[in-house]
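No lab work stands behind these numbers, since they all come straight from the coordinates. Just so you know, these numbers come straight off a predicted model, no measurement behind them. Using ideal geometry, Cβ is built from the backbone for each residue, glycine included, and neighbour counts are taken over all protein chains shown.
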Amino acid sequence: MHDLTAIVADITEEMLAAPDRGRPADYIPPLARVDVGKFGMAIVTLDGRVFTGGSADELFSLQSVSKVFALTLALGRVGDQLWNRVGREPSGSAFNSIVQLESERGIPRNPFINAGAIVVADVNLGRGAPRESLAEFTRFVRHLADDDTIAVDQEILKSESETGYRNLALANYMKSFGNLNRPPEDVLALYFGQCAIAMNCVQLAMAGRYLMAAGRIPDSGHRIVSAARARRINALMLTCGHYDASGDFAFRVGLPGKSGVGGGILAVAPGVASIAVWSAGLNAQGNSQLGTLALERLAVRTGWSVFDGMNVPGI
Ligand code: GLU
């Protein structure tokens, strides 16, 4: 077994000293103020051990990492019918791109680009009111993380609602193709709300446990999704979880992962660990610069990449 305490300490030390830290997202004003000097990391293993480094207890904005939990909820509501409205292919485009939507007639490439997540939010809204649906979503994340303190950051929610013109454009455009059932404003109220949830690395790694454990929360045994569905969500995270840098993330890290513009990344080593990293500075594709580097270091030190053969004796 690896000395995870030492590995996490080494990676944290390197990340805190790294000169090239990226830039925080600036299109949601409060995100631009977050200190890029900070770095946090948490690993939860299948047997329930927790390893932390740096600012692992500091809250950050979940942003697009929420799309993993939203997809999980939506699949629970409508099952495979979801795939009539959202594709399962990498987009090769930026997170908020509108170009493919025209040629593909309002069907987003995958549930992890903004357009796809907006369709997923429409599913999760169902016939309900945005406020109730957001409360249900928050309860779901609390349940996954086993932590009732998780909540929506109202300042981020207000700010994104005031500046989210491009998401409003995406929603309206899909509505024109008939791929949204509810009014765009209501769908976005849920979408912005789920993105505005604040979590820390420990909470996020805890929330991702069902994805390393074939769909069950390991300590309680509570089933969140079937094993087949957990495998598929992991596959989508691997192929589509980092927008147009998904291929590069697979190349460098080799784990299913989902990033958010708040600087958080959730990564899953199936059967082994759920990992969360956070550092607010982003690279050119909108993924955490040091979060990605930290996961790359972790994969090298542990051999946890899904392409490495994690169960080969001696690795
Ligand atoms: N709330 C952000 C948006 O929709 C999420 C983007 C991200 O985290 O990548 O613009």
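Using just the helices of the chain, give the 222 nm mean residue ellipticity in deg cm²/dmol: DSSP H runs with n ≥ 4 each add -39,500 (n - 2.57), and the total is spread over all residues, rounded to 500. Working shown, then result.
Details: 14 runs with 144 residues, N = 315.
After summing the helix terms and dividing by the residues of the chain, the value is -13500 deg cm²/dmol.
Would you kindly derive the ³J(HN,Hα) couplings of region 116-122 from the backbone phi angles with the Karplus curve 6.51 cos²θ - 1.76 cosθ + 1.60 (θ = phi - 60°), listing them in order in whole Hz, with x for Gly and Pro?
These are the phi-based 3J(HN,Hα) values: x, 5, 5, 5, 4, 5, 4 Hz.
If we restrict to alpha carbons, what Rg and Dmax does region 92-160 come to, in Å?
14.7, 43
Under 17 Å from a label point 7 Å along Cα→Cβ of residue 227: give me every residue in region 190-216 with its amide N that close.
Answer for region 190-216: 210-216.
Tell me, what ³J(HN,Hα) does each residue in region 148-160 have, in order and in whole Hz, if you take phi through Karplus 6.51 cos²θ - 1.76 cosθ + 1.60 with θ = phi - 60° and put x for Gly and Pro?
7, 8, 5, 8, 7, 7, 5, 5, 5, 4, 4, 5, 5
So what J values fall out for region 224-232 if you push phi through Karplus, 6.51 cos²θ - 1.76 cosθ + 1.60 with θ = phi - 60°, rounded to Hz, Gly and Pro as x?
9, 9, 5, 4, 5, 6, 4, 4, 5
Check which residues have an amide H placed less than 5 Å from residue 153's amide H, if you skip close sequence neighbours.
Amide H to amide H, under 5 Å and 5 or more residues apart or across chains, residue 153 pairs with 197, 198.
Write down the Kirkwood hydrodynamic radius of region 129-202, to one decimal in angstroms, obtained as one divided by the mean of 1/r over all alpha carbon pairs. Don't skip to the end; give the middle numbers.
Working: mean 1/r = 0.0761 Å⁻¹.
That comes to 13.1 Å for region 129-202.
Under a straight-distance cross-link criterion of Cα-Cα below 17 Å, which aspartates and glutamates are reachable from residue 175, leaving out those fewer than 8 residues away in the same chain?
102, 104, 122, 185, 186
Just subtract the alpha-carbon distance of residue 3 and residue 300 from 0.36 nm times their residue separation and send over the number in nm, one decimal.
On the way: separation 297, 0.36 × 297 = 106.92 nm, distance 1.35 nm.
Length gained between residue 3 and residue 300: 105.6 nm.
Between region 227-287 and region 74-105, how many Å separate their Cα centres?
18 Å
What does a probe at residue 93 reach in region 249-288, counting residues whose amide N is under 18 Å from the point 7 Å along Cα→Cβ?
Residues 285-286 qualify, since their backbone N sits under 18 Å from the label point.
At 4 °C and 1.567 mPa s, grab the translational diffusion coefficient of region 1-130 from Stokes-Einstein with a Kirkwood Rh over Cα pairs, rounded to a whole number in µm² per second.
Approximately 73 µm²/s, per Stokes-Einstein.
Within a Cβ distance under 13 Å of residue 154, other residues only, what is the Lys/Arg minus Asp/Glu net charge? Please list the in-between numbers first.
Working: positive: 131, 158; negative: 153, 155, 160, 162.
Residues close to residue 154 contribute a combined charge of -2.
Which net charge results for the neighbourhood of residue 216, defined as the other residues with beta-carbon distances under 14 angstrom from its beta-carbon, given Lys and Arg at +1 and Asp and Glu at -1? Working shown, then result.
Values: positive: 209, 223, 229, 231; negative: 47, 146, 219.
Once positives and negatives cancel, what remains is +1.
For the ranges 39-47, 197-205, what's the packing order if you count other beta-carbon atoms within 10 Å of each residue, average per peptide, and put the highest first?
In decreasing order of mean packing, 39-47, 197-205 become 197-205, 39-47.
Treating the chain as a set of equal point scatterers at the Cα positions, no solvent, please give the Debye-formula log₁₀ I(q)/I(0) at q = 0.15 Å⁻¹.
-1.17
Provide the descending list of Cα extents for region 84-234 along its principal axes, expressed in whole angstroms.
45, 35, 29
Name the residue from 62, 276, 243 whose Cα lies farthest towards the positive end of the charge dipole of the chain, charges +1 on Cβ of Lys and Arg and -1 on Cβ of Asp and Glu.
Value: 243.
Express in whole angstrom the spacing between the alpha-carbon centres of region 3-39 and region 116-146.
Region 3-39 and region 116-146 have Cα centres separated by 29 Å.
Tally Lys and Arg at +1 and Asp and Glu at -1 over the other residues with C-beta under 12 Å from the C-beta of residue 35: what net charge comes out? Mind showing how you got there, number by number?
On the way: positive: 21, 33, 38; negative: 58.
Around residue 35, the charge tally is +2.
Given Cα positions, please report Rg to Rh for region 163-229, the hydrodynamic radius being the Kirkwood one. Spell out each step's value before the answer.
Values: Rg = 16.8 Å, Rh = 14.5 Å.
That ratio equals 1.15.
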